[in-house]
Amino acid sequence: MEKKLSRRLQLLLPLCITFFCGALLLLASIYPYEKIKTYLHIGFMDNNTVVPQKGGIAGLNIVETDIDTDYAGEVSEDGEIVYPEYGTQYAVLTSERIGLYVPVYWGGGADLLEQGACNTPSSQAAGGEGNTVISAHVNTFFHDLAELKKGDTVSIYTDYGRFTYTVTEQIEFLSTDKHYLKKTEENVLTLYTCEPNLLTESNKRVGVRCLLEEKAFYQKAAASGQEEGIQ
Amino acid sequence: MKKIVLQITISILLTFALILFSGMMVFHQISNNRDFLFHQVEESGTYDNTHDALIKRFADLYNTTSIPVSVYEEAFSEEWTRYAVNAKIILATGAVFDEAAPDYYPARKSITAYFEEYANKNHVIKDEQYQQRLEESIDFAIRTADTAVDVYHLQTMEQSGILQKIDTLLHLKPVLLHCAASALLILLAVLLFLKKPLYWIGTSLFASGIIITVPALYVKLSGLIMRFSIKEYTTYTLVTYTLQSVLHMVLCTGILLLTTGILAIIISMVPRKKDINR
């Protein structure tokens, strides 16, 4: 019997010593943990399941869309803007006088600027109240932007409507100056790009400011929006 | 009774000595030489990732600078990237600056050659503005590449004081290692003079093995390392790979201690012939 007890004790003792030492270490690590807790949280706080990809922004989904620029159905001055997802082409920007025909993506960054012009998400979408800000590279899509003059017409076609703007002024500002990118009371369109510069990055931005002259929300978009509401 | 209390006490002390010794050995393995860091960089494909990311950055900038990416590809080749990444690691781990600094002469040469070719072709006057733009472009390229090849962000760590704290630990390492080794030997020697030494050594090995293995397993199974906040591909891949390697080392150490402890306990509990004959 004593031998059996002794055997049981021999098996339990390692576990007891383990728990005792573990408890002591746990107590001793409370203070150091409190010290480094903040850094650990900052360093390992990401709960996303998105794994970084080689090249490009992790999780960025660039979607091209076929925008109808020949819509001939019913239109109305009132309607709702359909905000797109980040990375989606939601419009086409045109100006007949300078032969401008550019896809417009909702978002920004190097990857999207390679695909077309970018409508800054912190500004308005086309046809919205306030300032719609669209930018593109000067050596690609906005190569001829500087040729737009006061009085020229610029149109934006989307899936929910067609919007016509008139150029009111040519603008020039430093990259650090946010004046033309801020909210406005008038419904305007701000188009800008980098100032072309020889062999170096320019800190100047050039472009045009346009006033919204005509809103034409497609009735088909309104109808489908109502149907979705009923469902 | 007194003897058992003594054995238990020594076993507990031996457990802590084993944990400290194992921890210092793992730390010694990581910090002893740069080969560990070089190995992580190699195995995680960081040389290629760094080169690709650097060239992509310059390719993205083409739209604003009009300098073709081929100029930078010539300056920052794959071999150059490998050499520069290693140079940064050597620099941060205590080398003399002049011997180990990345060489940016190829960048200066390539960009200058492109500017001159462009100027000659387009009849651009090489005035003060031209020189200024040339210097700005070279300076920008060097700064961009310098940041990119610092794959462990050791420069940032140095500026924020973290590298100095690690340096302090490195100075303490030999002292702690010797203390742990001495304590281990002394405690083992004392146990050998007591009854059933194999059992008590096995108990300490078992306890230290569990204490090391359980938290390491928790970190592995919870995927804590993959929640690393910096999602830039090169940095993320390298840091998570390095941390996984360290975790693997810790886990192996713990499992080795645990297995050895269990074996020692079992062997010590097997009745010997003379015990059976009594």
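Every number here is computed from the coordinates shown, using simple stated rules; none is lab data. Keep in mind that what you see is a predicted model, and the values were worked out from it rather than measured. Neighbour counts run over all protein chains shown; Cβ positions are idealised from the backbone, glycine included.
If you take the beta carbon distance between residue B:127 and residue A:186 as r and set R0 to 35 Å, what does 1/(1 + (r/R0)^6) give as a FRET efficiency, to the nearest 0.05? Don't skip to the answer; put the middle values down first.
Numbers: r = 44 Å, r/R0 = 1.25.
The pair residue B:127/residue A:186 has a calculated efficiency of 0.20.
Test of understanding: ordering B:139, B:35 by Cβ neighbours within 10 Å, fewest first, what list do you get? Please list the in-between numbers first.
Details: B:139 13, B:35 8.
By the 10 Å Cβ count, ascending, the order reads B:35, B:139.
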Could you list A:60, A:100 in order of exposure, starting from the residue whose Cβ has the fewest other Cβ atoms within 10 Å?
-> A:60, A:100
Report, largest value first, the span of the C-alpha coordinates of segment A:63-191 along each principal axis, in whole Å.
-> 41, 32, 29
Residue B:3 versus residue B:36: modelled label distance in nm, points set 7 Å from Cα along the beta carbon direction = 4.3
Quickly work out the residue B:193-to-residue A:144 label distance, labels modelled 7 Å from Cα along the C-beta direction, and quote it in nm with one decimal.
-> 9.8
Which shape class applies to segment B:100-159: rounded if a/c is under 1.5, otherwise prolate when a/b exceeds b/c and oblate if not, where a ≥ b ≥ c are the square roots of the Cα gyration tensor eigenvalues?
-> prolate
For the protein assembly as shown, inverting the pair-averaged 1/r of distinct alpha-carbon atoms gives a Kirkwood value in Å of 28.9
Between residue A:45 and residue B:231, the two model label points (7 Å from Cα along the beta-carbon direction) sit apart by a distance in nm of 1.5
Extent of segment B:178-234 along each principal axis, from alpha carbon coordinates, in Å, largest to smallest?
-> 57, 25, 12
Both in Å, the radius of gyration and Dmax of the C-alpha trace of segment B:205-247 are 12.8, 41
Reduced to Cα centres, the span from segment B:138-205 to segment B:207-254 in Å works out to 16
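Given R₀ = 56 Å, what would the calculated FRET efficiency be for residue B:168 paired with residue A:72, taking r from the Cβ atoms and rounding to 0.05?
Numbers: r = 76 Å, r/R0 = 1.35.
Once the sixth-power term is evaluated, E becomes 0.15.
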Please work out the FRET efficiency for the pair residue A:203 and residue B:220, using the Cβ-Cβ distance as r and a Förster radius of 41 Å; give the result to the nearest 0.05.
-> 0.25
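Tell me what the protein assembly as shown gives for mean residue ellipticity at 222 nm when only DSSP H runs of n ≥ 4 count, each as -39,500 (n - 2.57), the sum divided by the residue total, rounded to 500 deg cm²/dmol.
Details: 17 runs with 286 residues, N = 509.
Theoretical 222 nm ellipticity from helices: -19000 deg cm²/dmol.
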At 0.692 mPa s and 37 °C, Stokes D of chain B from Kirkwood alpha-carbon radius, µm² per second = 142
For segment B:131-234, what is the per residue volume of the convex hull drawn over the alpha-carbon atoms, in cubic angstrom?
-> 146
